[in-house]
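Working notes for the structure below.
The values are calculated or read from the model by the stated rules, or taken from the named source; none is laboratory data. Predicted model only: the values in this text are computed from it and were never measured. Quick reminder, even Gly has a Cβ in these numbers, built from the backbone with ideal geometry, and neighbours come from all protein chains shown. The protein model used for the area step is the full one, side chains on, heavy atoms only, and it has no ligands, DNA or RNA in it. Shrake-Rupley method; radii C 1.70, N 1.55, O 1.52, S 1.80 Å.
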Amino acid sequence: MENEELLQYVLHGREERNIEYKCPISWQDIEVKSKIVKTVLAMSNIRDGGVTVIGVEQDGEKFNAVGLDSQLLSTYKQDEISAYINEFADPFVELKVSQVTYDDKIFVVIQIMEFAELPIICKKDGKNNLRRGAIYTRPRRKIESAEVPSQVEMREILDIASEKAIRAFKRKLLMSGVIVEEPEVESKQKFEDQLEGL
């Protein structure tokens, strides 16, 4: 994701299912870590994943992009964050930690990818109500990271997993030669047009 796209998340100005803001605080703060872990586990279980932006303060309904000072910024390291979060994730969560500058202020943006094959399950207990065996998501009824609250969110997760399984199965069939992929109609038509004069 390019810097411009990441900046759009910083300046979006409201939390969404796929966007969460955190005030400027150190990664070393155990409460911050546990909240970010829950958010990452939850966003990895929604379509297209999401982002957490650190350096944005909430003032009532308004979000102010204030940035992080160099001391706080130095605590956010890709390897440390990924390793810590994945102590709680089964299977592994893919994420990317980036820095974005706007108006001489620096923000940390954690991009969380949608799960690769299977939904992400919390594999151990932790602070902020992290519970071993729980599946977290971002519910549609309220912008938060929570255990799957209803059949609507569970069906959404299962649909994503099913689509991935079907695509993987089709790839295996193609690679084994059991099925042959039909050319796209447009490509097939172009080929027939080219043969017409022969």
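A few remarks follow.
- In the range 10-32, the residues that are in contact (Cβ under 8 Å) with a residue 24 or more places away in the chain, open to solvent by 30 Å² or more (accessible area, probe 1.4 Å) and under 20 Å from residue 77 (Cα atoms): 22, 23, 24, 25, 28, 30, 31
- Entry remark, the range 40-55: residues being farther than 17 Å from residue 78 by Cβ and surrounded by fewer than 24 Cβ atoms within 10 Å (Cβ to Cβ) number 3 in total.
- Yes/no for residue 67 being within 21 Å of residue 31 (Cα to Cα) and in contact with a Pro (Cβ under 9 Å, 6 or more places away or on another chain): yes
- Candidate set: the range 132-159, residues that are assigned to a helix (DSSP H, G or I) and of a type in the set (Asp, Glu); chosen: the one surrounded by the fewest Cβ atoms within 10 Å (Cβ to Cβ): 159
- If only residues of the range 73-98 that are crowded, with 18+ Cβ neighbours inside 10 Å and touching a Phe, Trp or Tyr at 6+ places or on another chain (Cβ under 8 Å) are counted, the one that is nearest to residue 53 (Cα to Cα) is 97.
- Yes/no for residue 112 being hydrophobic (A, V, I, L, M, F, W, C), touching a residue at least 40 places away in the same chain (Cβ under 8 Å) and touching a Gly at 6+ places or on another chain (Cβ under 6 Å): yes
- Any hit, the range 56-72, residues being closer than 15 Å to residue 100 by Cβ, part of a loop (DSSP other than H, G, I, E, B) and open to solvent by less than 20 Å² (accessible area, probe 1.4 Å): yes
- Subset of the range 34-87 (residues that are under 19 Å from residue 157 (Cβ atoms) and of a type in the set (Ser, Thr, Tyr)): 39, 44
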